[in-house]
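Engineer: Take a look at the following structure, please.
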Amino acid sequence: MSEKKMSSSRKHHLKSLMLQIAQELIAEEEAQSLEDRKQYMSENITPLQLTGSIAELQDLCKKMHQKIDVIDEERYDLGSKVGKSDKEIEDLQIKVQDLKGKFKKPVLKKVRMSADAMLQALLGSKHKVSMDLRSNLKQVKKEVKEEDKESVGDWRKNIEDKSDRKKMFETAKE
């Protein structure tokens, strides 16, 4: 069960070899992209032939503008496709995260902010909102009902009234 450990010099040598290979691959990719660009330009763009006539130059400009419009439309279409695919990828990543069931809530920093500052941050600086809620409340005066005091004070009288009612129901049943 002994694990063979690599010496630090061997690790360093392997790491430097990997970096060299990666640099070579990057250089090859850059050269390939430049070559592809030159090939595309030679296929799709005709060399400019300027003559002295103003009408011919205007026609050339119109043709160039038409080509620019077509290219802009293609660029816009590709941009919208990329945006849609990015949105789909994000949605799928959220679904995968939900299916895993392990969602780590990020640790939030405690921020000391008054309610006024929070509302101003949410609503923007144009709206001025104050959290002085008591100033907006309507003043209400308490009215004490005298009837309640009388009825609560004489509880014996209430019992006698209820017993009379009970007798009325008993005589009605017979």
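Engineer: Could you size up the charge dipole of region 1-94 around its Cα centre, putting +1 on the beta carbon of Lys and Arg and -1 on that of Asp and Glu, and report it in debye to the nearest 20?
Structural biologist: 700 debye
Engineer: Counting Lys and Arg as +1 and Asp and Glu as -1, what is the net charge of the other residues whose Cβ lies under 12 Å from the Cβ of residue 74?
Structural biologist: -1
Engineer: Could you check the spin-label model distance between residue 105 and residue 80? Points 7 Å from the Cα along Cα→Cβ, value in nm.
Structural biologist: Computed distance between label sites residue 105 and residue 80 equals 4.0 nm.
Engineer: Further, regarding this structure: Among the listed pairs 84/104; 38/63; 11/109; 67/87; 5/95; 87/109, which have their C-alpha atoms separated by more than 32 angstrom in this model?
Structural biologist: Over 32 Å Cα-Cα: 11/109; 5/95.
Engineer: Okay, next question. Between residue 15 and residue 62, what is the label-to-label distance in nm when each label sits 7 Å out along the Cα-to-Cβ direction?
Structural biologist: Taking the two extended label points, one gets 6.5 nm.
Engineer: For residue 44 and residue 22, what is the calculated FRET efficiency with R₀ set at 22 Å and r taken between the beta-carbons, to the nearest 0.05?
Structural biologist: So, using R0 = 22 Å, E works out to roughly 0.10.
Engineer: Taking K and R as +1 and D and E as -1, what net charge do the other residues with C-beta under 14 Å from the C-beta of residue 11 add up to?
Structural biologist: With Lys, Arg at +1 and Asp, Glu at -1, the net is +4.
Engineer: Once you put a point 7 Å from the Cα of residue 33 and another 7 Å from the Cα of residue 92, both along the Cβ direction, what distance in nm separates them?
Structural biologist: Label at residue 33, label at residue 92, 2.4 nm between them.
Every number in this text was worked out from the coordinates using simple rules, so none of it is lab data. Note that the structure is a prediction, hence the values are computed from the model and not measured. Cβ coordinates were reconstructed from backbone atoms using ideal geometry, including for glycine residues, and neighbour counts include every protein chain displayed.
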